[in-house]
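*Asks:* Submitted below is the structure of interest, expressed as structure tokens.
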Amino acid sequence: MKILVSSLVLCFSFSCYSQLASVSGAVSTATNQPLEFVNIIVLSSIDSTMAKAAVTDATGNYSLDNLSDGEYFVKCMMLGFEEWNSEKFSLVENENKVLQPIKLLEVSGQTGTVEYVYKKPLVQVEAGKTIFNVEGTINSAGLNAMELLRKAPGVMVDNNDNISVKGRSGIIVYIDGKLTPLDGNALAALLKSMQSSDIESIEIISNPSAKYDAAGSAGIINIKLKKNKNFGTNGNIQLGYAVQIYSKYNGSINLNNRNEKWNFFGNYSYNDQKTWGWMDLDRTQSSIRYNQTTVNVGESKFHNFKAGADHYLNDRNTIGVMISGNTEDGGSIGTSYTGIANEGSDVLNKELQARNITTNTRMNINANLNYHFSDTTGRDLMIDFDHGRFDINSLSFQPNTYTYPNSDSIEISNFRNNTPVLIQISSVKADYEQKALGGKLGAGFKSSYVSTENIYNFYAVLPAGDMLDSLTSNNFNYTENINAAYLNYNRQIKKLSVQAGVRAEQTNSEGKLKSFTILTDEDRRDVKRSYLNFFPSAALTYNHNDTNQFTLTYSRRIDRPSYQDLNPFEFKMDELSYQAGNPFLQPQYGNILELTHTYMFALNTSLTYSLNQDYFTNILDTSTTKAGGSFIQMQNIGYEEWMGFNISSPIPVGKKINLFLNANAGRKRIHSDLPIISESELIVWSYSFFGQGSLSLPKNVTLEVSGWYSGPSVWGATFVNQPMGSMDIAAKKEFWKGNASLRLALGDVFYTAQWTSRSVSNSIDMRARGGWESRQFRVSFSYNFGNQQMRVRDRKSGADDLKNRVK
């Protein structure tokens with residue numbers, strides 16, 4: 001708390017009232033008559049995104065204040081006159097730039113209304129951050145958030161739904177700037193419930209500043225949901241259908257009402273999907289071969305909702321409230337066959353036929369209260385109060401039948417389990433920024449409290465009824481409190497931009513295990529931890545000239561173990577395999593260094609080096625309690641080193657063709673101190689590619705082709721995945737004056753998004769492969785209704801009320 005108070009006092013003590021950069025000028029006709037109500041829009045010269053907007057007054061004059069340093073150009077538009085664009089110009093701190101007088105030329109016979117529409121680029125690359133604009137790709141129609149991540153540049157999603165960026169694991173997922181307290185299967189289920197129609201963009205932040213939580217040794221993925229910025233009442237309806245083996249349906253509706261003082265918004269989406277997938281596992285263990293084939297069919301219904309309001313108290317103060325959530329009701333049936341034989345023999349010793357019948361229900365609800373203060377001196381304060389609740393319940397029935405060739409003998413072993421999970425998270429945070437010491441000084445704090453209750457009841461299904469297995473059933477409660485404060489400073493010194501910060505995080509956690517049997521190891525029943533860490537970050541950007549920019553960034557990060565990974569008891573996945581937690585798992589710490597070069601604001605190349613110490617990952621081992629059994633457990637094994645190269649660039653080809661290409665290559669080295677792993681070092685060279693091209697045709701038709709390819713990769717410390725990839729094609733037709741569109745797409749045209757992997761350790765040699773309904777035909781219809789014009793207000797204070805607020 002002393003750090004927090006000192007930080008905020010320091011910020012306010014340096015408060016100053018000089019203006020940020022501004023642009024002003026005058027607009028008239030060719031005969032020098034002043035023009036009133038001309039739309040004046042300042043846009044970034046890098047990607048043409050809008051920075052500020054205003055209208056001229058009765059004398060034809062305009063002024064736009066509160067602009068940051070950067071490269072811009074001005075666009076002027078008015079009904080009855082030709083559109084006018086200025087040359088590119090630069091703004092520096094405290095500059096009041098006066099543009100030459102603008103003379104607009106009249107256009108005869110024009111009627112209607114003025115509407116300004118700018119198209120975001122598919123991908124925007126900034127220092128330490130890549131923005132994937134989902135709205136910019138028609139191939140995204142009908143996809144969920146997990147499938148969209150497979151398309152995002154530099155992102156890899158493996159067969160177990162583990163996410164990595166530029167070859168590095170340890171990614172933390174945010175939704176609308178809020179940390180998601182889920183991981184593993186729970187996170188995958190949440191992302192699969194979110195439709196592309198709900199998503200505006202995906203931000204891939206490889207080197208977050210001290211303002212962000214330190215969690216995520218490989219950086220942050222922030223999924224930004226749509227929020228309408230138009231005035232008046234408007235909305236959107238979208239319907240979608242997809243099919244390969246089974247049909248899938250989705251739909252959404254978005255509503256918004258905005259005026260000078262209030263903004264009300266809400267959306268709802270529904271997703272009904274039936275899925276199919278397969279997996280083959282060929283495992284040799286203790287001279288016995290287990291050859292397993294599994295087919296899984298699942299069906300789920302997802303509901304997502306969000307509603308809220310913003311109230312603009314005045315030019316400087318805004319308060320807002322939002323409630324959001326989602327539910328899932330579904331289940332799956334997995335059917336497997338395992339042939340068991342001596343190694344090197346085709347004669348089976350026995351066969352195992354098993355099923356895993358699960359029923360899943362999930363409910364998540366979140367509430368947010370926020371306050372935003374901003375004035376023309378550059379002072380900005382944001383305060384957020386959040387509370388969320390996650391209720392997850394899974395019921396599973398696992399019948400197992402062993403048969404013996406040339407024998408009538410049958411062994412039946414049936415199990416049932418019930419695993420409810422309750423997660424509650426509360427947090428408060430504040431971020432403050434103002435001009436100071438010739439630059440900008442930021443400070444803030446965050447305090448969060450998470451409590452989880454994990455119940456695992458395991459039953460043996462007997463003729464006399466279900467019998468609780470007291471050796472396996474347990475109740476694991478985990479609480480975690482993180483208190484953080486940070487300071488961050490950035491300044492422009494001629495051609496050099498400097499950013500530096502440090503974040504302090506104190507972590508207090510406790511895991512309590514309650515079981516029917518008394519554990520002899522006291523440490524396994526109550527594990528407490530308390531530690532304080534400092535996480536520095538820095539960035540240097542050098543603008544060599546108008547065409548070359550160099551950026552060097554550094555950050556230190558942390559990955560904390562999930563509460564499920566800390567639960568010491570076993571979770572049975574089938575008769576011969578289970579997952580076990582590790583209460584002694586320690587956090588891992590990462591150091592990331594990245595050098596980026598930008599040429600002509602388009603071609604971006606980067607070199608990255610990262611080192612994760614106390615690296616933890618999943619390890620495959622043999623079971624000591626079940627003959628022929630194996631289990632997976634998260635363990636600290638040593639360290640992970642990554643060296644990588646990335647290049648990306650948009651490539652415009654004339655006025656009708658646009659291309660974007662991204663390529664990544666690197667070397668991963670995993671050093672292990674565990675004796676179970678046969679090789680102390682695993683070195684894998686990997687590479688990946690993402691490309692997308694669009695062609696604009698007459699009659700408002702657009703064609704699009706996109707694809708990705710990933711070379712060898714690593715899962716855990718021993719699994720090496722073989723190359724895989726996919727190509728999608730899509731077409732879009734706009735009609736009804738652009739308010740409606742129809743999209744058709746075919747995903748994974750050549751059906752190549754199937755995975756193959758192998759793991760070799762001292763005790764197990766496993767070959768694995770699998771796939772799912774990756775080749776899908778998708779159709780989507782979208783309709784916009786209400787006022788769709790981008791209206792702008794002339795605010796004397798310069799406060800940009802059209803700016804999207806992160807909620």
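The values are calculated or read from the model by the stated rules, or taken from the named source; none is laboratory data. Note that the structure is predicted; figures quoted are calculated from it, not measured. Reconstructed Cβ throughout: ideal geometry from the backbone, glycine too, with neighbour counts over all protein chains shown. We work out accessible area using only protein heavy atoms, side chains counted, and drop any ligands, DNA or RNA first. Shrake-Rupley method; radii C 1.70, N 1.55, O 1.52, S 1.80 Å.
*Asks:* Quick check on my filter: what residues within the range 121-169 are at pLDDT below 65, of a type in the set (S, T, N, Q) and either open to solvent by less than 20 Å² (accessible area, probe 1.4 Å) or touching a Pro at 6+ places or on another chain (Cβ under 6 Å) (or both)?
*Replies:* Hit for the range 121-169 is N139, nothing else.
*Asks:* Taking the range 522-543, which residues are in contact with a Phe, Trp or Tyr (Cβ under 8 Å, 6 or more places away or on another chain) and modelled with pLDDT under 85?
*Replies:* D523, V527
*Asks:* How about the range 90-108: which of its residues are open to solvent by 20 Å² or more (accessible area, probe 1.4 Å) and farther than 15 Å from L35 by Cβ?
*Replies:* S90, V92, E93, N94, E95, N96, K97, V98, Q100, S108
*Asks:* Moving on to the next point. Might you check whether a residue that is at positive phi and open to solvent by 30 Å² or more (accessible area, probe 1.4 Å) occurs anywhere in the range 57-66?
*Replies:* There is at least one residue in the range 57-66 that is at positive phi and open to solvent by 30 Å² or more (accessible area, probe 1.4 Å).
*Asks:* Related question: Among the residues of the range 704-741, which ones are under 30 Å from M634 (Cβ atoms), in contact with a helix residue (DSSP H, G or I) (Cβ under 8 Å, 6 or more places away or on another chain) and not hydrophobic (A, V, I, L, M, F, W, C)?
*Replies:* Passing the criteria: only S726.
*Asks:* While we're here: Scan the range 250-271 residue by residue and report those that are assigned to a strand (DSSP E or B), open to solvent by 30 Å² or more (accessible area, probe 1.4 Å) and either at pLDDT 95 or above or out of contact with any Asp or Glu (no Cβ under 9 Å at 6 or more places or on another chain) (or both).
*Replies:* I253, L255, N257, Y268, Y270
*Asks:* Only residues that are part of a strand (DSSP E or B) and open to solvent by 20 Å² or more (accessible area, probe 1.4 Å): list them for the range 650-667, please.
*Replies:* Matches in the range 650-667: P650, I651, P652, V653, I657, N658, L659, L661, A663, A665, R667.
*Asks:* For the range 295-318, give me the residue count where each residue is open to solvent by less than 60 Å² (accessible area, probe 1.4 Å) and of a type in the set (F, W, Y).
*Replies:* Qualifying residue count, the range 295-318: 2.
*Asks:* If you don't mind, another one. Kindly indicate which of I365, I357 is closer than 30 Å to L422 by Cα, open to solvent by 60 Å² or more (accessible area, probe 1.4 Å) and assigned to a strand (DSSP E or B).
*Replies:* Within the list I365, I357, the selection yields I365.
*Asks:* Of the conditions (1) within 30 Å of T376 (Cα to Cα); (2) touching a residue at least 24 places away in the same chain (Cβ under 8 Å), N314 fails just one. Which one is it?
*Replies:* Result: N314 passes all but (2).
*Asks:* So is D282 closer than 27 Å to R775 by Cα and either of a type in the set (D, E) or at pLDDT 95 or above (or both) or not?
*Replies:* So D282 fits the description; yes.
*Asks:* Can you tell me which of N490, N477, N483 is open to solvent by 10 Å² or more (accessible area, probe 1.4 Å), under 30 Å from E93 (Cα atoms), polar (S, T, N, Q) and under 30 Å from the mean Cα position of the chain (by Cα)?
*Replies:* Of N490, N477, N483, the one residue that is open to solvent by 10 Å² or more (accessible area, probe 1.4 Å), under 30 Å from E93 (Cα atoms), polar (S, T, N, Q) and under 30 Å from the mean Cα position of the chain (by Cα) is N490.
*Asks:* Then there's this: What are the pairs with Cβ atoms under 9 angstrom where one residue, in the range 534-558, is at positive phi and the other, located anywhere, is open to solvent by less than 50 Å² (accessible area, probe 1.4 Å)? Sequence gap at least six, or different chains.
*Replies:* From residues that are at positive phi, there are no pairs.
*Asks:* Cβ-Cβ under 9 Å, sequence separation 6+ or interchain: first residue in the range 460-479 and part of a loop (DSSP other than H, G, I, E, B), partner of a type in the set (D, E) and open to solvent by 40 Å² or more (accessible area, probe 1.4 Å). Which pairs?
*Replies:* Hits for this filter: T472/E570.
*Asks:* crowded, with 21+ Cβ neighbours inside 10 Å, of a type in the set (F, W, Y) and within 25 Å of the chain's Cα centre (by Cα) - does that describe any residue in the range 753-774?
*Replies:* The answer is no; no qualifying residue exists.
*Asks:* Out of all the residues in the range 599-609, is one or more in a strand (DSSP E or B), over 23 Å from T541 (Cα atoms) and not polar (S, T, N, Q)?
*Replies:* No - not one qualifying residue is present in the range 599-609.
*Asks:* How many residues, within the range 636-662, are farther than 30 Å from L674 by Cβ and among the small types (G, A, S)?
*Replies:* 3
*Asks:* Another question, then. Quick one: T718 ticks every box in (1) within 26 Å of G170 (Cβ to Cβ); (2) surrounded by fewer than 21 Cβ atoms within 10 Å (Cβ to Cβ); (3) over 25 Å from the mean Cα position of the chain (by Cα) bar one, so which box is it?
*Replies:* (2)
*Asks:* State yes or no: is Q292 open to solvent by 70 Å² or more (accessible area, probe 1.4 Å) and farther than 30 Å from G266 by Cα?
*Replies:* It is false that Q292 is open to solvent by 70 Å² or more (accessible area, probe 1.4 Å) and farther than 30 Å from G266 by Cα.
*Asks:* Another question about this same structure. Just for the range 556-579: of the residues that are modelled with pLDDT of 80 or more and of a type outside the set (D, E, K, R), which one is nearest to the chain's Cα centre (by Cα)?
*Replies:* My answer is I558.
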